[in-house]
Amino acid sequence: MEEKVIKAATVIITAISIIVAGTLLFFPQLHIRAEENRELRAQEAIERKENMDALEMLQYNTANVDSQEGISFDQQLRIALPENVTPEDVSVENDYLTQTITIKIPGADENYLYNYPMIGKSYHIDNLTYESEPEYGVIEISLDSVVELQKTSDEHYIYMDFLTPHEVYDKVVVIDAGHGGNAPGATKQGINEKDIDLAIVLKVKELFDEAGDESVGVYYTRTDDSNPSLEQRVDMANKAGADLFISVHNNSTKSGRMSSINGTAVMYDEEKASEENGSMQLAQICLEEMTAALGSTSKGIVKGHEIYIIRTAEMPVALIEVGFMTNQDELNRLNDEAYQKEAAQAIYNAIYRAFQEGY
């Protein structure tokens, strides 16, 4: 009996030894295969990235962050800095009109996004592109709204948050200087309407800048001799979620000839005339403030639904025709800096009065 037990035990021990020996021999092969699989997966990831656009890479990188790395940050985006590049070296421009953020990173080559993955959330981002220039790389972020950019940094990264205007300000206003660039508007005696419109708006800007009221955010469709499209002008107001949209223009007779016709008119959207604190009431406020400050003749509030920026604005809108360039006396006043300052003050007052009245 004991002999049978010994034989059985010997057989079992021999079998176990064979299994262990086989496993030890096979284990290095398992390790090699595991390494090969990891390398294969890494290569597949690179190939997938090569077929991705920059926005897809952002989403892919964010989804595949290794939790073991302990990556954590509160901001929306983290942008890595190449070696020997400091946050101060990086240029960041926020174009409110086109809702585009442009980031220029010195020393970033064509492989920048592969070597320095951008991670974070993609909300508010419609599109993201990357281009390599000779001395720097350019990240361009197209947004679905006007945003205020909040930026922080450390020695290795720049962090960005995109905040809507109403997350920063209690009230939001968009002010539009009519015409611009190759669209001069009315032109009389060498004086272009576009220049008067802009001069008045820049003086409005001075008033807001000097007041320093951090509860009101004011955005301008142009502050130079450019000519944004009508779509860009009204889109800016809509995408900023503006509470008010003011457009500044000057008038002329239909014939374009000089005449005795003069005075201030304000256009509104008659299709929304029944709205409380709407376009019609805003136009009336603007008219009263302008005529009181300028001593100009009131030409009343005028239906303007056929005007593109009026009918497509999603907020109360007023298009102010400050005066007639086809009236000699009024043209002289419109071209005078002191008169322009009075017009700017009237617009500033009208905006604050509208807020006081519930807008």
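Summary table below
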| item | result |
| --- | --- |
| Residue match in the range 343-351 (condition: touching a residue at least 40 places away in the same chain (Cβ under 8 Å), open to solvent by 20 Å² or more (accessible area, probe 1.4 Å), touching an Asp or Glu at 6+ places or on another chain (Cβ under 6 Å) and not in a loop (DSSP other than H, G, I, E, B)) | yes |
| Subset of the range 203-228 that is of a type in the set (A, V, I, L, M, F, W, C) and in contact with a helix residue (DSSP H, G or I) (Cβ under 6 Å, 6 or more places away or on another chain) - its residue that is farthest from SER247 (Cα to Cα) | LEU207 |
| Checking GLY241 against (1) under 23 Å from THR187 (Cα atoms); (2) assigned to a loop (DSSP other than H, G, I, E, B), the condition it does not meet | (1) |
| Neighbours by Cβ (under 9 Å, 6+ apart or cross-chain): first from the range 203-229, on the phi > 0 side of the Ramachandran plot; second acidic (Asp, Glu) and modelled with pLDDT of 95 or more | none |
| Residue within the range 266-274 that is open to solvent by less than 30 Å² (accessible area, probe 1.4 Å), over 24 Å from LYS171 (Cα atoms) and among the acidic types (Asp, Glu) present | no |
| Segments classed as strands (runs of 3 or more DSSP E), wholly inside the range 142-233, with at least 2 members that are open to solvent by 20 Å² or more (accessible area, probe 1.4 Å) | 148-153, 157-163, 216-220 |
| Count of the range 287-316 residues which are touching a Leu at 6+ places or on another chain (Cβ under 9 Å), in a helix (DSSP H, G or I) and not β-branched (Val, Ile, Thr) | 1 |
| Odd one out for VAL90, checked against (1) open to solvent by 30 Å² or more (accessible area, probe 1.4 Å); (2) over 26 Å from ALA242 (Cβ atoms) | (1) |
| Residue in the range 73-90 that is of a type in the set (Phe, Trp, Tyr) and modelled with pLDDT of 95 or more present | no |
| Count of residues meeting criterion [over 28 Å from the mean Cα position of the chain (by Cα), closer than 21 Å to GLN345 by Cα and free of Cβ contacts under 8 Å to residues at least 40 places away in the same chain] in the range 243-279 | 0 |
| Given (1) of a type outside the set (Ser, Thr, Tyr); (2) free of Cβ contacts under 8 Å to residues at least 24 places away in the same chain; (3) in contact with a His (Cβ under 6 Å, 6 or more places away or on another chain), number of the condition GLY295 does not satisfy | (3) |
| Any hit, the range 322-333, residues being β-branched (Val, Ile, Thr), in contact (Cβ under 8 Å) with a residue 24 or more places away in the chain and either open to solvent by 20 Å² or more (accessible area, probe 1.4 Å) or not in a loop (DSSP other than H, G, I, E, B) (or both) | yes |
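The values are calculated or read from the model by the stated rules, or taken from the named source; none is laboratory data. The shown structure was predicted, so the numbers you read here are calculated from the model rather than taken from an experiment. Here the Cβ is made from the backbone with ideal geometry for all residues, glycine too, and neighbour counts use every protein chain on show. Side chains are part of the model used for accessible areas, which takes the heavy atoms of the whole protein and leaves out ligands, DNA and RNA. Shrake-Rupley method; radii C 1.70, N 1.55, O 1.52, S 1.80 Å.
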